[in-house]
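Q: Right, I'll just put the structure down here and ask away after.
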Amino acid sequence: MWFNAYSVITEVSGVSKNDIGNTIASEELSIMDLSSDPNAFGSESFDYEGNKTMNIEVIRRGVLTQLLHNNRTAAKFNTVSTGHAVGNWLSPGQGMWQ
């Protein structure tokens, strides 16, 4: 939940939009969302909005690199959807974490 843009917008996340590009954890931590990896449990080719899902590096060596977006949150952040309208259309969701 921390890394989906809807949680950031509604201020229930532990991170903010301003944290993108900043160190938020140990440099030994990297997190990938594997939503489009066919070998990952729960992966999908497309999200509920028809967007192709993407594997997203959320944290690289402790730095918050990107948030998970659906069409609505991407519009608010002036970016593109990452294909994470999974489970519902309101809040971007995640696939399998690595």
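Q: Scanning the range 55-72 for residues that are assigned to a strand (DSSP E or B) and either of a type in the set (D, E, K, R) or over 11 Å from GLY83 (Cα atoms) (or both), which turns out nearest to the chain's Cα centre (by Cα)?
A: Residue satisfying both the conditions and the ranking: VAL58.
Q: Now a separate question. Quick check on the range 1-54: of everything there that is in a loop (DSSP other than H, G, I, E, B) and among the aromatic types (Phe, Trp, Tyr), which residue is nearest to THR65 (Cα to Cα)?
A: PHE3
Q: A further question on this structure: Just to be sure before I move on: is VAL86 at pLDDT below 90, of a type in the set (Val, Ile, Thr) and not in a helix (DSSP H, G or I) in the structure I sent?
A: Yes, satisfied.
Q: Please specify each residue of the range 32-82 satisfying the condition of being β-branched (Val, Ile, Thr) and either at pLDDT 95 or above or surrounded by fewer than 16 Cβ atoms within 10 Å (Cβ to Cβ) (or both).
A: VAL58, ILE59, VAL63, THR65, THR79, VAL80 - these are the residues of the range 32-82 that are β-branched (Val, Ile, Thr) and either at pLDDT 95 or above or surrounded by fewer than 16 Cβ atoms within 10 Å (Cβ to Cβ) (or both).
The values are calculated or read from the model by the stated rules, or taken from the named source; none is laboratory data. Since this is a predicted model, take the numbers as computed values, not measurements. No Cβ is skipped: glycine too gets one built from the backbone with ideal geometry, and neighbour counts run over all protein chains shown.
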